[in-house]
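Here is the structure we will look at.
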Amino acid sequence: MNIKKLLPQLLTLLVVILIFGFFSYNAQVNMENRGITFGYGFLSQESSFDVQFSLIEFDGSHSYFRAYLVGLLNTILVSVIGIIFATIIGIVVGIARLSNNYLIERTAAVYVEFFRNIPLLLQIFFWYFAALRALPLPQDAEPMFGFFFLTIKGFFVPAFVWNNLDIFIYSVIAALISIIFIRIYARKKQEKDGVQTPVLSISIGLLLILPILSFLFGGVDTSIEVPVIKQLSQSGFTYEGGIKLPPELISLALALSLYTATFIAECVRAGVQGVSKGQKEAAASIGLTPNQVLKLVVMPQALRIIIPPTTNQYLNLTKNSSLAAAIAYPDLVLVFAGTALMQTGRAIEIVSITMLTYLSLSISISIFMNWYNKKIAIKEK
């Protein structure tokens, strides 16, 4: 082992440990002088506050740890929604920016320049305080397609009530596992014989057939619970039944999606432009259709350019979700690093947990995207 190469790394590690130790010791001394104890026992104490929106059951009788879980799940929810819609919008806009149609290309360019140059916090405020505030009250809302209600109090949608849901879930899992094996088989067959297998058609068929079989033979049954208007007081109305998506969630998801999509669109545009024109022309000269050229030649090479910067945008979106506190969406920052911190006074413990949580989420996204990037990488044989 080369000592000269190892020594700078050891010195850097030592400096980091010394700095961390200094601040830790300084914090411990200050806490002892003020009579503040350090510990995480408060997580089992009763929280004594409610949360307006939660994916799991929660009220004031539950512990601070459950409040942490509520905030974490709400953060993951808005992050996943944002990533999905930002990716879809970003891909569409990125390809539109490469269009030969002047109107489509200019429209996509205006969208990118408009949304990415306005601060994200202002966009969140616009959707929450301006756009959604203009929606009608529950008693004045007109149904969309007969079952959906978009009001100032949120978006109310029908909910499925399931019997034997576990059998349906097992059928979906079985379909997904089958699709994975079919994809592996199709890839090996193409590498060996050059024959393409219609993986997409087979996958769609499995995702439809197996769940249908669970309904026909597995005893799975479902009904739809439709939102119904209910009067709370002389002038107050709301909807009962179904699923309620609060305006805070809608505003935050819209802002995060539209803002992040602009950067993903530029990643997509750069990736496609990174593939040389000669390869596209060569693929077309051997009889490949434009769709086949895009699928088999352009995208496999473009993805290796697109994925690394897109990963950064996913990380930014997840961390930017902490701006939810500005409109009172009960994410991790508002519920745990806000309300719980003010009630317990455990600043160091709560802030450290919150920081480690965002760090863990970011590392998880990075690990998955790096794995996916290696999986789709073009391998020379």
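The values are calculated or read from the model by the stated rules, or taken from the named source; none is laboratory data. Bear in mind the structure is a predicted one, so any value in this text is a computation, not a measurement. Note: ideal-geometry Cβ built from the backbone for every residue, glycine included; neighbour counts use all protein chains shown.
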Self-check item: Selected residue (criterion: nearest to Lys153 (Cα to Cα)) from residues of segment 218-233 that are touching a residue at least 24 places away in the same chain (Cβ under 8 Å) and part of a loop (DSSP other than H, G, I, E, B)
Solution: Pro227
Quiz prompt | Those residues of segment 47-81 which are among the β-branched types (Val, Ile, Thr), closer than 21 Å to Met355 by Cα and buried (at least 16 other Cβ atoms within 10 Å of the Cβ), in sequence order | solution = Val70, Thr75, Ile76, Val78
Quiz item: When the residues of segment 227-240 are filtered to those that are out of contact with any helix residue (DSSP H, G or I) (no Cβ under 9 Å at 6 or more places or on another chain) and at pLDDT 80 or above, which remaining residue is surrounded by the most Cβ atoms within 10 Å (Cβ to Cβ)?
Solution: Pro227
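Can you pull out the residues in segment 130-144 that are of a type in the set (A, V, I, L, M) and under 29 Å from the mean Cα position of the chain (by Cα)? Don't jump to the end; show me each part of the working.
Initially, segment 130-144 is screened for residues of a type in the set (A, V, I, L, M), giving 130-132, 134-135, 137, 141, 144.
Result: Ala130, Ala131, Leu132, Ala134, Leu135, Met144.
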Quiz item: Within segment 27-50, can one find any residue that is touching a His at 6+ places or on another chain (Cβ under 9 Å) and within 29 Å of Met342 (Cα to Cα)?
Solution: yes
Quiz item: Given the residues Phe85, Phe22, Phe38, Phe49, which is the only one that is of a type in the set (Phe, Trp, Tyr) and closer than 24 Å to Ser257 by Cβ?
Solution: Phe85
Practice problem: Scan (1) over 30 Å from Ser61 (Cα atoms); (2) modelled with pLDDT of 90 or more; (3) not in a helix (DSSP H, G or I) for the single condition Tyr329 breaks and write down its number. | Solution: (1)
Quiz item: From the residues in segment 267-313 that are hydroxyl-bearing (Ser, Thr, Tyr) and over 30 Å from Leu361 (Cα atoms), which one is modelled with the lowest pLDDT?
Solution: Thr289
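The rows are residues; the columns are (1) assigned to a helix (DSSP H, G or I); (2) not polar (S, T, N, Q).
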{"residue": "Phe168", "(1), (2)": "yes, yes"}
{"residue": "Val172", "(1), (2)": "yes, yes"}
{"residue": "Val195", "(1), (2)": "no, yes"}
{"residue": "Leu208", "(1), (2)": "yes, yes"}
{"residue": "Leu216", "(1), (2)": "yes, yes"}
{"residue": "Tyr239", "(1), (2)": "no, yes"}
{"residue": "Ala253", "(1), (2)": "yes, yes"}
{"residue": "Thr262", "(1), (2)": "yes, no"}
{"residue": "Arg269", "(1), (2)": "yes, yes"}
